[in-house]
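Scroll down for the structure; my scribbles are underneath it.
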């Protein structure tokens with residue numbers, strides 16, 4: 001019985017040692033949950049600001065934005081990358097029909113504000129005339145179908 005108990009104790013001790021995988025480096029890492037608390041606030045009064053107040057003080061919401069957080073940082077990073085790809089594609093002389101050439105052409109078409117302003121709504125006149133020609137349910141349904149198909153063609157072209 002003593003031998004069995006010693007065997008189980010030894011196994012449990014070895015298991016405990018094996019499960020302790022933390023290193024000195026891991027112990028030295030800051031705990032963001034602890035470091036971003038605002039301990040000047042009573043958690044019983046306002047737990048949200050107690051738990052997150054330090055982060056909000058260190059990362060105030062920019063005047064141009066409505067919110068701030070990790071997801072905003074991620075979105076800003078993605079937007080910068082997309083902008084860089086578009087600007088590089090706009091100045092690249094890639095083969096006609098290549099994705100880079102298409103991206104560049106599309107980007108340049110939206111950035112050409114002088115011609116966009118000059119054209120005004122003229123490019124939409126045919127679609128506006130189709131909408132104006134609606135007189136009954138059938139013509140309304142045909143117009144809606146046409147506009148949906150046009151939207152899908154544009155979206156997936």
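As a proxy for reagent exposure, ranking 151, 72 by other Cβ atoms within 10 Å from fewest up yields 151, 72. The stretch between residue 68 and residue 144 holds 23.4 nm of extra length on full extension. This uses 0.36 nm per residue minus the Cα-Cα distance. Taking 7 Å steps out from each Cα toward its Cβ at residue 130 and residue 117 produces label points 3.0 nm apart.
The numbers here are math on the coordinates, done by the rules we state, and not lab data. It should be emphasised that the depicted structure is a prediction, and the values quoted were computed from it without experimental measurement. Don't worry about glycine lacking a Cβ; one is built from the backbone with ideal geometry, like all the others, and counts go over all protein chains shown.
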